[in-house]
Number of protein chains: 2
Amino acid sequence: MRLTRFTDYAMRVLLYLGTRPDRICTIPEMTRAYGISQNHLMKIVHQLGRAGYVTSVRGRNGGIRLARPAAMINVGAVIRHSETQPGAEGLALLDCQTCRIAPACALTGVVDEALAAFFAVLERHTLADLLHGRTGALLDIFAATASEDPLPAATCVPPGFAR
Amino acid sequence: MRLTRFTDYAMRVLLYLGTRPDRICTIPEMTRAYGISQNHLMKIVHQLGRAGYVTSVRGRNGGIRLARPAAMINVGAVIRHSETQPGAEGLALLDCQTCRIAPACALTGVVDEALAAFFAVLERHTLADLLHGRTGALLDIFAATASEDPLPAATCVPPGFAR
DNA sequence: GGAATACATGTATATTGATTACATGATAGG
DNA sequence: CCTATCATGTAATCAATATACATGTATTCC
Ligand code: SF4
Ligand code: SF4
């Protein structure tokens, strides 16, 4: 029972962008701030773009920004979207498809109910809530980490760059 | 975001035993009923024993039975126990240990709250609830599957396979 | 126009955790 | 003693996730 790192990184991106509603941010910049894989982050940002949470601008001086105000971004919706496999109908916590007692099993219903309660809580929160009163602290951390550690060379190398 | 099969199998064992409070059941018997790995089931039963949910009797004519009435077995407690890694403190849905913004991150709290809501629902149910009005149907399924295939290849195939 | 910067996208590899298999020991009945 | 059953530790398999790699496309600036 864990959330994927994909989901967590998606939230981190939103948090990062939320602390800087004024400007456009780049993926390499966030990569440095969090010290995580640039390629992975790129896919996550791409997904967030397709889901309509962020707007990306290509080309020089391009980057990423929130597509809507933080108060319009629902934490539950983001996490649900991010945890849903691209092909699955909903997200099932158990694999009841191959289970012989499925037609007589009451556990499925209970677990679904619990999952609904889980998301009900998440859906009570927006990105703005998460940022409220914390943007200063977050900006401090980003500033500190961005300068302190220039990121392992490997991840900084632009893809396709001869080595 | 999934529950482990370990957890599901644990619940299946309890459901099986719950439909037969009168007699003692064996692991091979349940293996046949569900068509799942006997060794895996054995570990799960062992864990359930250590957690105090079932009582095992060794030796010939041995087997497993519920250690308490089904009404005293809380679904939430079983699942929480089963999902908790042997060594972890609690169960964390995200790996905040290695995250730079942890000190300023509000997401942790929200997710923990949601997880609490998840278990709150589960903890409102007991094994007896799950069995209520379904023991007949379950026994029918067990009887049908147990006789229909006497354990050869079919039951030893991992569930969810496609070959 | 050309170089540089930044996102887009598809494929391959690596890592991790869960699952299953294997091997062996212990206990109890008959 | 022999067999059926649970107990327990280790190893191999497998699948999902995460990361790396390669290349393409768009935009801006000179
Ligand atoms: S929840 Fe019930 S039906 Fe679904 S896999 Fe578990 S036992 Fe089977
Ligand atoms: S929840 Fe917050 S602190 Fe925990 S890993 Fe995600 S971003 Fe970091």
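The values are calculated or read from the model by the stated rules, or taken from the named source; none is laboratory data. Fair warning: this is a prediction, and the values are worked out from it, not measured in the lab. Glycine also receives a Cβ, built like all others from the backbone with ideal geometry; neighbour counts cover every protein chain displayed.
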Checklist entry - Between residues in the range A:88-100 that are more than 7 Å from every other protein chain (Cβ to nearest Cβ) and residues that are modelled with pLDDT of 90 or more, which pairs lie under 6 Å by C-beta distance while being six or more apart or on different chains? => result A:96/A:102; A:96/A:108
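Looking only at the range A:1-33, count how many residues are part of a loop (DSSP other than H, G, I, E, B) and crowded, with 20+ Cβ neighbours inside 10 Å.
Here is the first cut: in the range A:1-33, the ones part of a loop (DSSP other than H, G, I, E, B) are A:1-4, A:19-24, A:26.
Filter once more, keeping what is crowded, with 20+ Cβ neighbours inside 10 Å: A:19.
Within the range A:1-33, residues that are part of a loop (DSSP other than H, G, I, E, B) and crowded, with 20+ Cβ neighbours inside 10 Å number 1.
So, residue B:45, is that one without any contact (Cβ under 8 Å) to a residue 60 or more places away in the chain, under 15 Å from the mean Cα position of the chain (by Cα), within 12 Å of ligand 1 (Cβ to nearest atom) and over 30 Å from residue B:95 (Cβ atoms) or not? So that I can check it myself, show each step before the final result.
Numbers: without any contact (Cβ under 8 Å) to a residue 60 or more places away in the chain: yes; under 15 Å from the mean Cα position of the chain (by Cα): yes; within 12 Å of ligand 1 (Cβ to nearest atom): no; over 30 Å from residue B:95 (Cβ atoms): yes.
Criteria not met by residue B:45.
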Item to check | Looking only at the range B:1-38, and only at residues there that are near DNA strand D (Cβ under 9 Å from one of its atoms) and more than 15 Å from the chain's Cα centre (by Cα), the one that is farthest from the other protein chains (Cβ to nearest Cβ) | outcome: B:24
Item to check | Close pairs (9 angstrom Cβ cut-off, 6 or more residues apart or separate chains): within 14 Å of another protein chain (Cβ to nearest Cβ) and within 12 Å of residue A:14 (Cβ to Cβ) in the range A:48-77, among the acidic types (Asp, Glu) and assigned to a loop (DSSP other than H, G, I, E, B) anywhere | outcome: A:74/A:123; A:75/A:123; A:77/A:123
Next on the checklist: Tell me whether the range B:114-135 contains one or more residues that are facing chain A (nearest Cβ under 8 Å) and more than 20 Å from residue B:75 (Cβ to Cβ).
Outcome noted: no
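Of all helices (runs of 4 or more DSSP H) completely enclosed by the range A:41-144, which ones contain at least 2 residues that are touching a helix residue (DSSP H, G or I) at 6+ places or on another chain (Cβ under 9 Å) and within 30 Å of residue B:34 (Cβ to Cβ)? Reasoning before the result, please.
Numbers: elements: A:75-83, A:107-122, A:127-131.
The qualifying helices (runs of 4 or more DSSP H) are A:107-122.
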Checklist entry - Mind checking which residues of the range B:114-139 are of a type in the set (Asp, Glu) and in contact with a Lys or Arg (Cβ under 9 Å, 6 or more places away or on another chain)? => result B:123
Checklist entry - From the residues in the range A:60-102 that are among the charged types (D, E, K, R) and surrounded by 12 or more Cβ atoms within 10 Å (Cβ to Cβ), which one is farthest from ligand 1 (Cβ to nearest atom)? => result A:65
Checklist entry - more than 30 Å from residue B:141 (Cα to Cα), modelled with pLDDT of 85 or more and of a type in the set (A, V, I, L, M): does that describe residue A:107? => result no
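Would you call residue A:70 closer than 21 Å to residue B:110 by Cα, at pLDDT 95 or above and out of contact with any strand residue (DSSP E or B) (no Cβ under 9 Å at 6 or more places or on another chain)? Give the steps one after another, and end with the answer.
Numbers: closer than 21 Å to residue B:110 by Cα: yes; at pLDDT 95 or above: yes; out of contact with any strand residue (DSSP E or B) (no Cβ under 9 Å at 6 or more places or on another chain): no.
When the stated conditions are applied, residue A:70 does not pass them.
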